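Student: Input: one structure, supplied below.
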Amino acid sequence: MIRFIPAEQTLALRSLVLRNGLAEQECLFDHDHLPSTFHLGYFDDTNTLRCVLTCMREKHGKLAKEAYRLRGLATHPEARRKGYAKALLNAAIAHLKLQLEVEYLWFNARTVAFPFYESLGFEFMSDEFDIPGIGPHREMFKYL
Ligand SMILES: CC(C)(COP(=O)(O)OP(=O)(O)OC[C@H]1O[C@@H](n2cnc3c(N)ncnc32)[C@H](O)[C@@H]1OP(=O)(O)O)[C@@H](O)C(=O)NCCC(=O)NCCS
């Protein structure tokens, strides 16, 4: 089941999956608590939170229109390839498109996640660049 969740509920998975066990409070993003930001969580059959994502309103110079940025997409290592991230991202896209009337979603994608995003129709819009401490990324986007 997919639900909106508060930022604080994303932190354990962000820490485990994306920040190598960094203290949870260090895993907060700027804009996590803005009213325009939303967080979604995927809960499995035992009501355990297995996958999280965050969407925040942020324009991008290469995209003319109003845009949102995806951040912090993370599936628990024991819950991968079950379709959780795909379902969560599709729910976020539906909310952005239908409720918020947003036209573009963009983000900095880790190289390991390229196949996942490409399987969902996202396209590259930059060459590879390094984010210090995290590794190589490319910007990706989708017209919703
Ligand atoms: C990327 C990530 C979020 C995908 O989560 P997931 O819940 O396992 O993804 P899904 O099960 O919804 O995958 C949907 C489809 O994406 C593709 N996909 C997902 N992971 C893939 C991989 N490692 N290699 C190739 N294709 C992949 C497949 O087509 C998959 O469908 P299939 O399993 O039926 O073939 C997860 O691997 C993760 O948390 N990785 C570490 C953190 C990370 O890189 N986050 C993104 C930061 S930009």
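Every number here is computed from the coordinates shown, using simple stated rules; none is lab data. Bear in mind the structure is a predicted one, so any value in this text is a computation, not a measurement. Because the Cβ atoms are built from the backbone with ideal geometry, glycine has one as well, and the counts that use them run over all protein chains shown.
Student: Pairs only if they're at least six apart or on different chains, beta carbon under 7 angstrom, first in segment 96-112 and assigned to a loop (DSSP other than H, G, I, E, B), second surrounded by fewer than 16 Cβ atoms within 10 Å (Cβ to Cβ) and among the basic types (Lys, Arg); list them, first residue then second.
Tutor: GLU103/LYS65
Student: Only one of these conditions is not met by ALA92: (1) in contact (Cβ under 8 Å) with a residue 12 or more places away in the chain; (2) more than 22 Å from HIS137 (Cβ to Cβ); (3) within 16 Å of the ligand (Cβ to nearest atom); (4) among the hydrophobic types (A, V, I, L, M, F, W, C). Which number is it?
Tutor: If we test ALA92 against (1) in contact (Cβ under 8 Å) with a residue 12 or more places away in the chain; (2) more than 22 Å from HIS137 (Cβ to Cβ); (3) within 16 Å of the ligand (Cβ to nearest atom); (4) among the hydrophobic types (A, V, I, L, M, F, W, C), just (2) comes out false.
Student: Out of all the residues in segment 96-112, which are polar (S, T, N, Q) and surrounded by 11 or more Cβ atoms within 10 Å (Cβ to Cβ)?
Tutor: ASN108, THR111, listed by residue number.
Student: If I go through segment 48-82 residue by residue, how many of them are more than 10 Å from the ligand (Cβ to nearest atom) and of a type in the set (A, V, I, L, M)?
Tutor: Within segment 48-82, the subset more than 10 Å from the ligand (Cβ to nearest atom) is 48-49, 54-69, 78.
Add one more test, that the residue is of a type in the set (A, V, I, L, M), and what stays is 49, 56, 63-64, 67.
Qualifying residue count, segment 48-82: 5.
Student: If you don't mind, there's one more thing I want to ask. Being more than 9 Å from the ligand (Cβ to nearest atom), farther than 12 Å from ALA67 by Cα and in a strand (DSSP E or B) is the filter here, so list the residues in segment 113-144 that pass it.
Tutor: GLU123, PHE124, PHE129, ASP130, ILE131, GLY135, PRO136, ARG138, GLU139
Student: Please determine whether any residue of segment 113-129 is under 13 Å from the mean Cα position of the chain (by Cα), of a type in the set (Ser, Thr, Tyr) and surrounded by 13 or more Cβ atoms within 10 Å (Cβ to Cβ).
Tutor: yes
Student: Working only within segment 100-127, note down all residues that are β-branched (Val, Ile, Thr) and under 21 Å from PHE38 (Cα atoms).
Tutor: Result: VAL102, single match.
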